[in-house]
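Following: one structure in structure tokens, then a few remarks.
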Amino acid sequence: MDLSVRSLQKAESEYFANLVVWFISKGYDDIDASFPARILEAHFRGYDPFGYFTVRKTVLALDGPRALMGFVVAAEKRGGSVKFGPTIIDPKHQRGGLAGRLWELVEDIYRDKGKRKVYGTWPAWRVDVLKFASRMEWEIEALLREQYRPGQDEFVAGKFLLPSSPPLTTVQTWEGEGKTRDASFRLLKASDEAEFSDLMLSEMSKFYSEIDRHFVESILEATHRFSHGYDEKGKVVFIAESIRGGIIGCAIATPKRGGSVKLAPVIMKPLLTSIDIHVAFLEYIHSFFRERNHRKLYSLIPIADIDTVRATRQAGYVS
Ligand SMILES: CC(C)(COP(=O)(O)OP(=O)(O)OC[C@H]1O[C@@H](n2cnc3c(N)ncnc32)[C@H](O)[C@@H]1OP(=O)(O)O)[C@@H](O)C(=O)NCCC(=O)NCCS
């Protein structure tokens, strides 16, 4: 069958939104009309107004000989990967192998653009998705426990479009037992913004690609949306401050649909922190969200950032 992929058109928005709400609410909590509306907003603007790692979101439509047969949302991330999802094949055309054909065409588009990797997540009980993803040579990379819904685990899977790179050299920031033994923790204030930006730009770039002023500004903007909730990807920025004054660390938290909170990145200033401070900072953040009845905190940590890996384990996170 002759198939091709193109960008979703304005006139197809309602068709897209209806299928997304209908199918995706079966597997996830807190899915209402705002979910496809945010995707469409990013798609038609050409950038994601609420993204921080996400730079651009595109809805790619699969055209068959006579009609639109399905679509996939592709979110381009800083650092060269592309997240797929949701993927929906029109109910009239499901079980015909089209999802894999769609992914193949979209993978080709992003390989041609120089993207390194595609990845996605889906509920672990979705054997149908696992089947076509395996056929497409996607590999399971992680199991996220009860990530977006109580009692429902989630697979993370991906595929390299270009050969994978060697691991980064590990970076250690603590010196011995650390120099600053006492620190206090609080939320970001407007007067912290310049110091916070400097810390993010200098320290985060050790572990992440494409960290620039625009990235930092998008985080600062998102702190003003925190009270709007997950719908607009509001964020909370936590600050660790030395008792002598000056910011020695920060952490960014994003509440998600389904009741969990993503904590990433956690950045500590080299040579000024100790494991005690790092762990106490994580415990402070944990209490903040527990008091507000969030279900779960999870963190994504570059393996090269061995201090944060160690402190996070010591704070009781499992990996
Ligand atoms: C999931 C989905 C994208 C799969 O697309 P598809 O083109 O139908 O996929 P395939 O035809 O390659 O089917 C994959 C496998 O799952 C099986 N399968 C597909 N739909 C199924 C269903 N509703 N019930 C049971 N098995 C199903 C197929 O038989 C096939 O198994 P096989 O390899 O043993 O033949 C499509 O069913 C869909 O759009 N579902 C609704 C949206 C959704 O849930 N998306 C995934 C979450 S992001």
Out of 26, 83, 77, which single residue is under 13 Å from residue 106 (Cβ atoms), out of contact with any Asp or Glu (no Cβ under 7 Å at 6 or more places or on another chain) and of a type in the set (D, E, K, R)? 83
Take the residues of the range 87-130 that are within 16 Å of residue 26 (Cβ to Cβ) and part of a strand (DSSP E or B): which is farthest from the chain's Cα centre (by Cα)? 89
Residue by residue through the range 279-302, note down the ones that are more than 13 Å from residue 251 (Cα to Cα) and either surrounded by fewer than 18 Cβ atoms within 10 Å (Cβ to Cβ) or in the same structural domain as residue 29 (by TED's automatic domain parsing) (or both). 287, 290, 291, 292, 293, 294, 295, 296
Can you find a residue in the range 86-99 that is within 10 Å of the ligand (Cβ to nearest atom) and more than 15 Å from residue 23 (Cβ to Cβ)? yes
Is one or more of the residues making up the range 101-124 among the hydrophobic types (A, V, I, L, M, F, W, C), within 12 Å of the ligand (Cβ to nearest atom) and in contact (Cβ under 8 Å) with a residue 40 or more places away in the chain? yes
Between 141, 137, which is in the same structural domain as residue 19 (by TED's automatic domain parsing), among the charged types (D, E, K, R) and within 15 Å of the ligand (Cβ to nearest atom)? 137
Taking the range 60-79 on its own, how many of its residues are under 20 Å from the mean Cα position of the chain (by Cα) and either within 13 Å of the ligand (Cβ to nearest atom) or under 11 Å from residue 119 (Cα atoms) (or both)? 6
For residue 239, indicate whether it is modelled with pLDDT of 90 or more, aliphatic (A, V, I, L, M) and assigned to a loop (DSSP other than H, G, I, E, B). no
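The values are calculated or read from the model by the stated rules, or taken from the named source; none is laboratory data. None of these values were measured; they are calculated from a predicted model. Glycine also receives a Cβ, built like all others from the backbone with ideal geometry; neighbour counts cover every protein chain displayed.
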